[in-house]
Amino acid sequence: MESTMWAVGAQGMMLVVFIVTSYSSDVQAAHCNVTGVWVNTLGSVLKLFAEGSQLKGSLHSSVALYPGAAGERMTGKLIGLIGQGDQPTFTMSVSWKEGSITAWVGQCFQTSDCPVLKTIWLLRSKATLEDNWKATRIGEDVFYPQKKCAIDGVV
């Protein structure tokens, strides 16, 4: 009787391991698609279109260092490159009307609930040689699909 209970317990444990492994593999194997409309936590709107290894689109920024820094409309044309694979890396750049340029490098992750773009950005503002030391800023951005989906329990 004891050996029968052990065998049933081992089969049950194997089933749990199989289910967890299958679920994890499905999530990791899902393709993360960057094409679409994305928003970050500050309300900037990113429109991306991937065609082969190229990215095209626009970014409407909701933030600026000072009024007018990104131009009147605060929208810039975006170009970039995207790598291959199910959760591709990418780079994209925007040239702002007033001469600043922002570049992002990141990766598209497909979570069980929703895709997410995790990025690091560099903003280079026009400067004089004397002010060069303060002309570059660095930060992080996380973009979520504009359509609502659950991310970490938030809808």
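Computed values, structure above
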| item | result |
| --- | --- |
| Label point distance in nm, Leu81-Thr128, each placed 7 Å from Cα along Cα→Cβ | 3.6 |
| Unsatisfied cross-links (Cα-Cα over 24 Å) in the set Lys47/Lys148; Lys47/Lys97; Lys47/Lys134; Lys126/Lys147 | Lys47/Lys134; Lys126/Lys147 |
| Efficiency of FRET from Cβ geometry, Glu140 and Thr35, R₀ 25 Å, rounded to 0.05 | 0.65 |
| Inter-label distance for Lys56 and Glu98, nm, one decimal - labels placed 7 Å from Cα along Cα-to-Cβ | 2.9 |
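Only the coordinates and a few stated rules stand behind these numbers; no lab work does. Small disclaimer: the values here were computed from a predicted structure and weren't measured. Here the Cβ is made from the backbone with ideal geometry for all residues, glycine too, and neighbour counts use every protein chain on show.
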